[in-house]
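Student: One structure coming up, written as C-alpha cells, with questions to follow.
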Amino acid sequence: MGYRIAVIPGDGCGPEMIAEGLKVLDATGVDVDLVTHDLGTGRYAATGEILPDDIFADLADCDAIYKGPIGARHVGDDVPPGVLERGLILELRFRLDQYINLRPVRLYPGVPCPIVGKTPDDVDFVVIRENTEGLYAGAGGIFKKGTPDETALQTSVSTRKGVERAVRYAFETARKRNKKRKLTMVAKTNVLTFTGDIWSRVFHEVGEEYPDIERDYAHVDAWCFYVVNNPEWFDVVVTENMFGDIITDLAAAVQGGMGVASSGNLNPEGVSMFEQIGGTAPQFAGLNAINPMAAIGAVEMMLAHLGEGDAASAVSGAMASVFPKLDQMGAGQMGYSTTEVGDMVAEQVKG
Ligand code: IPM
Ligand code: MG
C-alpha cells in the first residue's frame, strides 16, 4: 500500500503546476495513492462551499496533502479577502495543528540571485515560522463599525506551548542540518515587549538544552536589512507567524523568486501540507507558461517529510540540473513551457 496523498490543485495556474509536481512524484517510483479534492475559488463560486466536513475528514486521514495556490482563477475574479484564506488555508493549518511553517531558502545553481555577487554557498538557510498563533489567531474584532467611533482590534496571541514547540523544532533543525549550528530568533523585543518577553525566555530556556547550537537574535527590521546584504550569516531562523509571513517573501526574492520557493505546513505528529508559496498568477492560467519548479520543490519536501530521503534527493538533484537550462524564473521567461520543464525534471529523476 502506498502513501495516501490528498491533492488540492487549487485555482489559476495551480492545476498546471501541480500536474508537473505529480509527474515528478511519479518518476521517483514512490508508491502513492492520490485522491484529488476540488477546493478553492472555483468550488466556492459554484456551490458556496469552502471546506465541507467530508473533505476535511478525508484530508485529516491521509499521509500528506499536496496543495496548489488558492485565490483568483482569472483576472478580475473577486472573492472578498479572507473568505478562503481564513476559511480554508488557515482552517486547515489550525484544525490539523500544522504548527510549523518550514521555508527552506536556498539559491540553486543557475538561478539568478537579485543580490550581486551572491552564490549558492551564500544563500542556504531555513526559516521556521510559528504557524498557528500570533496575529493569525484571529483574536479581536471591529466595534461600532461604520460609525465615527468605529474601532478595530487585532490581537497577537503567543502561548507557552505554541512558542516552545516552534523554538524546539528550530533547535532540532539546526542540529539535524549540522551546518553553522546557529539559530537566529527574529522578533521585535524592543517594542513588542510582551510577545518579545515570552519568545526570549522560551528561546533561552530551551536553548540551554542545545549547548551545541549558537543562539543569535535579530530585530525583524534589522533582519530584513541583513538578509539582503549578508544572507550567508543565517543557518536556521525562528520567528512568530506574522513576521514569518513577511520575511519569507523577502527570503523568496533572495533565492530567485516565486518560481523557486516551496513551503511545508508541518504537524510533525500528524498530517502535513506542502505547497509552492506563490499565488495563482491568473494572467498566465492555461498558457502552459508558469514555472512549476516551486511546486516540484514542494514534492521534494513532502518526500523528505515522509522519510523517502533517496527520492527527495533525486528530485532536488534533478532540479539542480534543470535550473541552469532555464533563461529566467518568471512565467513565460523560462525558454521552455511548464510541461517541458516538468518533463526535463522527471527525465533526470528517472536517471
Ligand atoms: C503564506 C501565504 C498565506 C499566509 C496566505 C495565502 C493566507 O501568504 O503561506 O505565506 O499568510 O500565511
Ligand atoms: Mg505569505
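Student: Going by what's in this entry, would Pro282 be described as at pLDDT below 95, more than 16 Å from ligand 2 (Cβ to nearest atom), farther than 17 Å from Arg129 by Cβ and not small (Gly, Ala, Ser)? Explain how you work it out, then say what you get.
Tutor: On the way: at pLDDT below 95: yes; more than 16 Å from ligand 2 (Cβ to nearest atom): yes; farther than 17 Å from Arg129 by Cβ: yes; not small (Gly, Ala, Ser): yes.
Spelling it out, Pro282 is indeed at pLDDT below 95, more than 16 Å from ligand 2 (Cβ to nearest atom), farther than 17 Å from Arg129 by Cβ and not small (Gly, Ala, Ser).
Student: Sticking with this structure for a sec: For the range 261-302, how many residues are within 15 Å of ligand 1 (Cβ to nearest atom) and among the aliphatic types (A, V, I, L, M)?
Tutor: Count: 9.
Student: Kindly evaluate Asn230 against the criterion of being modelled with pLDDT of 95 or more, over 18 Å from Asn190 (Cα atoms) and away from ligand 1 (no atom under 16 Å from the Cβ).
Tutor: Judged against the criteria, Asn230 is a match.
Student: Going by the structure shown, is Thr28 among the polar types (S, T, N, Q), in the same structural domain as Thr280 (by TED's automatic domain parsing) and without any contact (Cβ under 8 Å) to a residue 24 or more places away in the chain?
Tutor: Taking the combined requirement at face value, the residue does not satisfy it.
Student: I would also like to ask the following. Just the residues that are touching a strand residue (DSSP E or B) at 6+ places or on another chain (Cβ under 7 Å), exposed (fewer than 15 other Cβ atoms within 10 Å of the Cβ) and not in a strand (DSSP E or B), please, taken from the range 144-168.
Tutor: Residues satisfying the conditions are Lys144, Glu150.
Student: For residues that are of a type in the set (Val, Ile, Thr) and touching an Asp or Glu at 6+ places or on another chain (Cβ under 8 Å), tally how many sit in the range 16-31.
Tutor: 2
Student: Enumerate the pairs (first residue in the range 240-252 and aromatic (Phe, Trp, Tyr); second residue anywhere and in a helix (DSSP H, G or I)) with beta-carbon separation below 8 Å, excluding pairs fewer than 6 apart on the same chain, so at least 6 apart or on different chains.
Tutor: If the second residue must be in a helix (DSSP H, G or I), the pairs left are Phe243/Val220.
Student: Mind listing whichever residues of the range 65-118 are more than 25 Å from Gly256 (Cα to Cα), part of a loop (DSSP other than H, G, I, E, B) and within 12 Å of ligand 1 (Cβ to nearest atom)?
Tutor: Pro81, Gly82, Gln98
Student: Separate question: Ile247 versus (1) buried (at least 24 other Cβ atoms within 10 Å of the Cβ); (2) within 16 Å of ligand 2 (Cβ to nearest atom): which is the lone unmet condition?
Tutor: Only one criterion in (1) buried (at least 24 other Cβ atoms within 10 Å of the Cβ); (2) within 16 Å of ligand 2 (Cβ to nearest atom) is unmet by Ile247, namely (1).
Student: Right, something else. Would you mind finding the one in Asp212, Asp221 that is outside the structural domain of Met301 (by TED's automatic domain parsing), outside any loop (DSSP other than H, G, I, E, B), more than 16 Å from ligand 1 (Cβ to nearest atom) and surrounded by fewer than 18 Cβ atoms within 10 Å (Cβ to Cβ)?
Tutor: Among Asp212, Asp221, only Asp221 is outside the structural domain of Met301 (by TED's automatic domain parsing), outside any loop (DSSP other than H, G, I, E, B), more than 16 Å from ligand 1 (Cβ to nearest atom) and surrounded by fewer than 18 Cβ atoms within 10 Å (Cβ to Cβ).
Student: Take the residues in the range 250-259 that are part of a helix (DSSP H, G or I) and touching a strand residue (DSSP E or B) at 6+ places or on another chain (Cβ under 9 Å); name whichever of them is nearest to ligand 2 (Cβ to nearest atom).
Tutor: Applying the filter and picking the extreme gives Ala252.
The values are calculated or read from the model by the stated rules, or taken from the named source; none is laboratory data. This is a predicted model, so every value here is computed, not measured. No Cβ is skipped: glycine too gets one built from the backbone with ideal geometry, and neighbour counts run over all protein chains shown.
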